[in-house]
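The values are calculated or read from the model by the stated rules, or taken from the named source; none is laboratory data. Everything numeric in this text was worked out from a predicted model, so none of it was measured. Ideal geometry is used to build each Cβ from the backbone, glycine not excepted, and the neighbour counts take in all protein chains shown. Remember, those area values only see protein heavy atoms, side chains included, never the ligands or the DNA or RNA. Shrake-Rupley method; radii C 1.70, N 1.55, O 1.52, S 1.80 Å.
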Amino acid sequence: MGNNAGFTNKTVWITGASSGIGKELAHQFAAQGARVVLSARRADVLETVRASLAGGVERHWVVPLDLEDADRLMESATKALLDIGPVDILVNNGGISQRGLFLETDFSVYRRIMDVNYLGTVALTKVVLPDMVERGTGSVVCISSVAGKVGSKLRTGYSGSKFAVVGFMDCLRAEVSSQGVQCLTVCPGFINTDIAKNALDANGNAQQINEASIEEGLTAGECCQQIIAAIEQGKDEIVVGKGISGLAPTIKRFFPGLYNTLAARREHR
Ligand SMILES: NC(=O)c1ccc[n+]([C@@H]2O[C@H](COP(=O)([O-])OP(=O)(O)OC[C@H]3O[C@@H](n4cnc5c(N)ncnc54)[C@H](OP(=O)(O)O)[C@@H]3O)[C@@H](O)[C@H]2O)c1
């Protein structure tokens, strides 16, 4: 972690800032002197977050966005950028998970998860990145998942969208890292947020229940400290998780047969 003034007057745009990891990131960045742009769908919740950030309300912005509607998002983000000015760090964090077997899940759920987790990320990056490249500095951070590295039951749509984010970031890094832009992919394991409650069931409804694996995971605070440290260290990719959720990508990489057997056996929630 940097000192308390590590991000003084840096502008950090965070999606999914109304809850969980995004909200905690907003607090940690603001406490280190950053000006934060808060995005998600719920404008009223974002205003409450803004009012609670260090540095005073007037230093921070609320830009309501729906990641599911990439065209409108690009339009409103482009307008907002005129007011905000140069963005130093973009954190594509907003997202939605899934708990449903492939054979039971409606196709609309796949489209929605891909729109929110993948195309929403691509769209906002389209708006924010050109100025970073022009200035030769900046960081694009995408919150993928351990599910973007390994598969498990009930998450065919979610894992697909998070693998897509990993691939997008690998390609983007190849294109822009030599132009001064860091591309950091974050793959969290189980983190104690509302992600499971908000996860879509086979019919596209939020399942509205929490899960022990999530409740026993890292706190959002611990997760965000690791994300901020990785930005400061100029890293390309990190896995953030404890226990099996942190180890899974390594097991899959070196022992893919073992991983596949374990994934098929485990009643994964
Ligand atoms: N918690 C974990 O165990 C875990 C593990 C791996 C990866 N992740 C990833 O971490 C990221 C943050 O999740 P979290 O754990 O903090 O979950 P969370 O508490 O459910 O927060 C999700 C955030 O995404 C926003 N969001 C959802 N749909 C949106 C949409 N259509 N447009 C704009 N914003 C939208 C929500 O805001 P609104 O409802 O106000 O729009 C909320 O702020 C996600 O990408 C998730 O996949 C989490």
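Observations
- Residue 160 falls short on exactly one of the conditions (1) open to solvent by less than 60 Å² (accessible area, probe 1.4 Å); (2) within 14 Å of the ligand (Cβ to nearest atom); (3) assigned to a loop (DSSP other than H, G, I, E, B), and that condition is (3).
- Of all the criteria given as (1) under 14 Å from residue 127 (Cβ atoms); (2) open to solvent by less than 10 Å² (accessible area, probe 1.4 Å); (3) within 13 Å of the ligand (Cβ to nearest atom), the one not satisfied by residue 69 is (2).
- Candidate set: the range 106-152, residues that are under 24 Å from residue 25 (Cβ atoms) and among the hydroxyl-bearing types (Ser, Thr, Tyr); chosen: the one farthest from the ligand (Cβ to nearest atom): 137
- Restricting attention to the range 31-52 and to residues that are in contact with a helix residue (DSSP H, G or I) (Cβ under 8 Å, 6 or more places away or on another chain), within 24 Å of residue 137 (Cβ to Cβ) and more than 14 Å from the ligand (Cβ to nearest atom), the residue that is most open to solvent (accessible area, probe 1.4 Å) turns out to be 35.
- Residue 191 being out of contact with any Phe, Trp or Tyr (no Cβ under 7 Å at 6 or more places or on another chain), aliphatic (A, V, I, L, M) and modelled with pLDDT under 95: no
- Only a single criterion out of (1) open to solvent by 80 Å² or more (accessible area, probe 1.4 Å); (2) free of Cβ contacts under 8 Å to residues at least 24 places away in the same chain; (3) within 28 Å of residue 170 (Cα to Cα) is not satisfied by residue 225, namely (2).
- Tally, over the range 53-65, of residues that are loosely packed, with under 13 Cβ neighbours inside 10 Å and either in contact with a helix residue (DSSP H, G or I) (Cβ under 9 Å, 6 or more places away or on another chain) or not in a loop (DSSP other than H, G, I, E, B) (or both): 2
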